[in-house]
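Reviewing the structure listed below.
The values are calculated or read from the model by the stated rules, or taken from the named source; none is laboratory data. Worth saying up front: this structure is predicted, and the values here are computed from it rather than measured. Here the Cβ positions follow ideal geometry from the backbone for every residue, glycine too, while neighbour counts run over all protein chains shown. Quick note on the areas: whole protein, heavy atoms, side chains included, nothing else; ligands and nucleic acids left out. Shrake-Rupley method; radii C 1.70, N 1.55, O 1.52, S 1.80 Å.
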Amino acid sequence: MGRRTPHATLQMIADETGVTPSTVSRVLNSASEASARRWASAETIVRIRAAAASHGYTPNPQAVGLRTQRSRLIGVIVPRLQDYVLATIYEGIDEAATEKGFATFVTNSLDDPQKRARATETLLSRRVEGMIFGDAQFDGEFLQGVAERGMKFVLVSRRARDFPSVTCDDHLGGRLVGEHLVSIGRRDVAILAGVDVPPHRVVHGHFDAQGGREAAERILDSRPLPDAIFAANDFAAIGVMGALRDRKLSIPDDVALVGYNDTALTAELPTPLTTVRSPMHEIGRRGLEMLLDLLQGAEVEPLRLPPTLVVRESTVSAEASRSAGTDGSGPSM
């Protein structure tokens, strides 16, 4: 039989790199490069990680929890996981948590204050170390109470007061849409953030296909017709497509259409949808990393990640795309 490789330990890595086992543990369990730099120099961090990789060392979450009296659990509350955007954000949270030796509990609040409060108490009873809220209310009153109880938390996809948050820069996304529509000669725009819009051109609705259709019907019942519609969600944009089709209106010749988020199906629609690509997965990952930084005592600032505009045939016809030398999926702005 061949010689068995001994199980890698913190002491083994510490001896090899010339630091203490506690330094090795702190570096390998750091949430981010910034938090790792609190415990060791950049050169030492590289040596520790290289030694750990060469020995196949991976932290044991249960053992870490026993030594530190920590649960290694993160609580996550979102309005509803059936929402594609929130589900993608949660995937990023859970992926990053797993990599750092944490587990996550997720629950839906349905944006109901009472459900949010009950869910928070349930997660606290499970001794979660921190929480991530995807259902924050702008006034932040509930979150202030959570903060006063000493619980560390981060907001994702929403902002409130000056609490730590990771969001998409939606103001930039709206501006990208406005600049694009102006560049293709569209001026009478409905549901647009980025250029001045008359009040009668702003219609509020649900972020799903049915909500998009209902909002579009209200817009199309007015005269004159807009020459562009900006739906703040790709699924709402699909509802708009249905309303335009039923009225025999062509996209983009009669009405240009833009969505938001760049969900997986947007490029495969009968008329591929121009949309703003939001970094949903990255929002989740960065939210988890920010929370772990907070748990290690670091100071953090709210973070807004930049979106990009993906131009497709719902605003620029296939002929125009070919003459401009672009393919069906770009350019991104």
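Tabulated values for the structure
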{"quantity": "Heavy-atom accessible area ranking, 1.4 Å probe, most first, across 112, 139", "calculated": "139, 112"}
{"quantity": "Quotient of C-alpha Rg and 2.2 N^0.38 Å, computed over the stretch 256-304", "calculated": "1.68"}
{"quantity": "Computed accessible area, residue 208, all protein chains, 1.4 angstrom probe, square angstrom", "calculated": "70"}
{"quantity": "Burial order of peptide ranges 96-104, 179-187 (average beta-carbon count within 10 Å, highest first)", "calculated": "96-104, 179-187"}
{"quantity": "Cα point-scatterer Debye curve for the stretch 98-174, base-10 log of I(q)/I(0) at q = 0.11, 0.15, 0.21, 0.23 Å⁻¹", "calculated": "-0.30, -0.55, -1.02, -1.19"}
{"quantity": "Residue 218/residue 118 FRET efficiency (R0 51 Å; Cβ-Cβ; nearest 0.05)", "calculated": "0.90"}
{"quantity": "Nonlocal amide H pairs with residue 130, under 5 Å, H built at 1.01 Å", "calculated": "75"}
{"quantity": "Note, ³J(HN,Hα) from phi for the stretch 294-307, Karplus 6.51, -1.76, 1.60, rounded to Hz, x at Gly and Pro", "calculated": "4, 5, 9, x, 7, 8, 10, 10, x, 10, 10, 8, x, x"}
{"quantity": "Nearby lysines by direct alpha-carbon distance to residue 100 (threshold 22 angstrom, same-chain neighbours under 8 apart not counted)", "calculated": "152"}
{"quantity": "Integer Hz, Karplus 6.51/-1.76/1.60 couplings in order for the stretch 173-179, x for Gly and Pro", "calculated": "x, x, 5, 4, 5, x, 5"}
{"quantity": "Vicinal HN-Hα couplings computed from phi for the stretch 208-216 (Karplus, 6.51 cos²θ - 1.76 cosθ + 1.60; Hz; Gly/Pro x)", "calculated": "8, 4, 5, x, x, 5, 4, 5, 5"}
{"quantity": "Nearby aspartates and glutamates by direct alpha-carbon distance to residue 248 (threshold 19 angstrom, same-chain neighbours under 8 apart not counted)", "calculated": "214, 217, 221, 227, 313"}
{"quantity": "Added length on full extension, which subtracts the Cα-Cα distance from 0.36 nm per residue, residue 141 to residue 71", "calculated": "22.5 nm"}
